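Below is one structure, written out as structure tokens; comments come after it.
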Amino acid sequence: MPVPSPSSSSRAPLPWGERVSAHERPDRGAAPVPADPPASLAARLCATDPCGCARAAVVVAHPDDETVGVGSRLGRLPGATLVVATDGAPRDRRWWGAPEHATREAYARTRRRELHAALAVAGMRPARVFSLGLVDQEASYRLVELTRRTAAALAALGPAWVLTHPYEGGHPDHDAVAFAVHAACRLLERAGRAAPAVVEFASYHVCAGEIAPLRFLDDDASAVTALLTPDERALKRRMMECYATQRETLRYFPVEVERFRPAPAYDFARPPHAGRLFYENFDWGVTGARWRELARAALAVLDVCGRV
């Protein structure tokens with residue numbers, strides 16, 4: 001998840017390469033628990049002990065997004081699974097946090113080890129981590145595949161609710177994952193399945209030309225803030241320290257708060273806000289205009305119309 005300052009298959013891959021079908025969920029025999037309304041779930045995440053929440057899936061773009069967005073809560077969500085869309089290793093080595101790696105694949109292995117180390121700090125086993133197998137900075141160009149893989153993962157894992165990125169123009173992969181989660185829920189509903197409730201964690205966007213970390217784009221009255229205790233802050237710092245390749249990036253993110261809100265419906269064919277998007281300050285493989293062109297094409301292929 002590089003954040004410098006601006007001044008194929010529809011089946012869901014399981015832990016880093018294995019696959020799961022809808023009849024082979026990890027918690028076999030555990031029926032999905034009906035979810036509370038998203039606003040209630042967001043509020044519970046800010047409780048001292050959020051374990052009353054039904055089983056969750058956390059769907060993120062990159063290794064380390066889970067730590068930034070929900071690190072203090074991750075290990076206390078019952079039966080939670082983490083779905084990671086990309087391997088955290090762009091093809092362009094300029095964006096490698098550790099450019100001494102000989103190959104992109106070697107860098108991806110380092111990112112995977114960092115993820116597992118951070119999750120061990122949080123108390124989450126690697127067996128609860130599932131990869132969708134995309135390359136960092138390329139999710140925007142594979143929106144149809146990403147959506148179908150996300151839908152297959154949600155169908156197989158059966159979460160009552162999903163915690164994921166907002167659509168805010170911070171990183172094109174973040175926006176791609178937001179697109180995929182919302183569109184996947186529509187595909188599940190169309191197939192006669194119950195779609196999970198969707199809650200968002202705050203990530204980052206641009207504000208007055210600078211990065212605005214762990215704040216939502218809109219002044220949303222439905223957003224709730226978790227003020228982390230000293231122990232939770234220490235836990236989150238230890239998780240961040242596991243990402244040695246992302247040390248420069250993660251210094252922009254405070255450890256004092258995490259924020260959550262019910263996911264709104266989005267029109268992914270329109271920009272998330274007026275003006276230049278945060279990621280348009282960098283060569284991350286796509287412009288906002290091109291991203292929206294890809295989103296419109298994917299919505300047509302998926303036969304998903306309007307706000308999702």
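The values are calculated or read from the model by the stated rules, or taken from the named source; none is laboratory data. Worth saying up front: this structure is predicted, and the values here are computed from it rather than measured. Every residue, glycine as well, gets a Cβ built from its backbone with ideal geometry; the counts of neighbours run over all protein chains shown. With ligands, DNA and RNA removed, areas are computed over all heavy atoms of the protein, side chains included. Shrake-Rupley method; radii C 1.70, N 1.55, O 1.52, S 1.80 Å.
Relative to the Cα centre, the charge distribution of the chain, modelled as +1 at Lys and Arg Cβ and -1 at Asp and Glu Cβ, gives a dipole magnitude of about 680 debye. For region 208-308, the convex hull drawn through the C-alpha positions has a volume of 154 cubic angstrom per residue. Classify region 54-135 as rounded, prolate or oblate from the Cα gyration tensor: take a ≥ b ≥ c as the square roots of its eigenvalues, call it rounded if a/c is under 1.5, otherwise prolate when a/b beats b/c and oblate if not. Cα axes put region 54-135 in the prolate bin.
Note on region 152-272: the C-alpha convex hull projects to 9.1 nm² when averaged across all orientations. By the compact-protein rule of thumb, 2.2 N^0.38 Å, the alpha-carbon radius of gyration of the chain corresponds to a ratio of 0.91. Per residue, the chain exposes an accessible area of 39 Å² to a 1.4 Å probe, with every protein chain left in place.
Which order do peptides 286-295, 197-206 fall in by mean Cβ count within 10 Å, highest first? Could you put the intermediate results ahead of the total?
Numbers: 286-295: 18.0, 197-206: 24.8.
Highest-to-lowest ranking by the protection proxy: 197-206, 286-295.
The Cα center of region 167-215 and the Cα center of region 219-287 differ in position by 11 Å.
I need the peptides 180-189, 86-95, 72-81 ranked by packing, meaning the mean over residues of other C-beta atoms within 10 angstrom, with the highest value on top.
Result, highest mean first: 180-189, 72-81, 86-95.
May I ask you to give the percent of accessible area on the chain that is carbon plus sulfur, with a probe radius of 1.4 Å? Walk me through the numbers before you get to the answer.
Values: 6250 of 12150 Å².
The C+S portion of the solvent-accessible surface of the chain is 51 percent.
In the chain, the DSSP-assigned H stretches of four residues or longer account for a calculated mean residue ellipticity at 222 nm of -10500 deg cm²/dmol, using -39500 (n - 2.57) per stretch and the full residue count as denominator.
What is the antiparallel percent of DSSP beta bridges lying wholly in the chain, to the nearest 5? Around 45 percent antiparallel, to the nearest 5.
The residue among SER140, HIS116, PRO78 whose Cα reaches farthest toward the positive pole of the charge dipole of region 72-194, with charges on the beta-carbon of Lys, Arg, Asp and Glu, is PRO78.
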